[in-house]
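The next block holds one structure in the form of C-alpha cells; read it before the comments.
All of the numbers you see were taken from the coordinates with simple rules; none came from a lab. Just so it is clear, the model here is predicted, and its values are computed rather than measured. Neighbour counts run over all protein chains shown; Cβ positions are idealised from the backbone, glycine included.
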Amino acid sequence: MGANLRAMPAYTTEPLAFPPAYLKSLAKQIRASKWFVVNTLNRDFVGTRGFSVVFRREARGRVDREFPFFKPYLDRTLRADCNAFYMNPLQLVAGSRVDPHIDRSLSGYCTTVDPPVQVSVLYVEVPPAMRGGRLVLERGRKHLGRITPAENTLLTFHGDLMHSVDRVDSVGTRLSLVCEQYCLAPEELEEIPSYVVESRAQRY
C-alpha cells in the first residue's frame, strides 16, 4: 500500500451519501435480482445472502447495462487508480455474522493478488434499533474501530484491514453494497475476468 494511502485515515464515513429515493429503489432492485440468493462467499459469511460482480475497468459499461441500479453507487465510489473490482450486495438477518478476514476476493482468479487498495461500503438498509451487526476494523493487534451501521452512510476503509461483522441479534435486514477496489499489475489483471457474475443461482 502506498505511502499516500497510509497517510489517510484507516476509515472514513460519509452520512447522507445518496438521495433516500435511490436507496429505497436500490434495496428493492437488489432483492428482485435473480442472482440474489444464499451467498457464494466463503465460510466467514454466516447466514448471509447476496451475489458478486467481478469486473475490470473496461467492462464498466457492461456492468451499467446489466445492473443499472448500481450505476450511481459506482459513479460515486470507484477510484480512478484502480483497475479491477469485486462488488457484492450483502444481506444479514438475525443470527447472521461475518467472521474476521482480510478481503482478497480476486484471489480465486489470481493467487498472487494483494488485498484491495480500498473497500467501499454503502449501508443501504439498517433496521431501527438493531442489536449487533457492527463492523469491527483491526490492523494486527490494533483495534481501529467498532462501527455501528447507519442507513445511507458510505464507509471506506483500507483494504488491508482485518474486519468482521458482529452477529445480528435483532429482527430486520442489514443490507449493504460492498466494492473491493484493486490496483493490479498487468500480468495479474490478465488473470481476472473482464466481467463475471458469481451466484448460487448461476455463474456466467
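Per the Debye formula on identical point scatterers at the alpha carbon atoms of the range 3-197, with no solvent, log10 I(q)/I(0) at q = 0.10, 0.13, 0.19 Å⁻¹ is -0.38, -0.66, -1.56. If you model the range 1-92 as an ellipsoid using its alpha carbon gyration tensor, with each semi-axis the square root of five times an eigenvalue, the axes come out at 23, 18, 16 Å, biggest first. Counting neighbouring Cβ atoms within 10 Å and putting the fewest first, the residues Arg167, Arg43 line up as Arg43, Arg167.
Taken about its Cα centre, the chain carries a charge dipole of roughly 660 debye when the Cβ of each Lys and Arg holds +1 and the Cβ of each Asp and Glu holds -1. Here the range 162-204 is scanned for amide nitrogen atoms under 12 Å from the site 7 Å beyond the Cα of Glu14 along Cα-to-Cβ, giving none.
In the chain, helical runs assigned H by DSSP with n ≥ 4 each contribute -39500 (n - 2.57); averaged across all residues and rounded to the nearest 500, the mean residue ellipticity at 222 nm is -4500 deg cm²/dmol. What's the lysine pair count for the range 3-197 at a Cα cut-off below 25 Å, pairs eight or more apart or interchain? Count of close lysine pairs: 4. In loop segments of the range 100-156 as defined by DSSP, the trypsin sites (Lys or Arg not before Pro) with at most 15 further C-beta atoms inside 10 Å of their C-beta are Arg131, Arg141.
The alpha-carbon positions of the range 115-203 define a convex hull whose volume is 132 Å³ per residue.
Report the full-extension gain for the segment Arg141 to Arg76: residue separation times 0.36 nm, less the Cα-Cα distance, to one decimal in nm.
20.2 nm
Can you find, among Val168, Ile192, Thr153, the residue farthest towards the positive end of the dipole of the range 153-204? Put +1 on the C-beta of Lys and Arg, -1 on that of Asp and Glu. Sorting the options by dipole projection puts first Val168.
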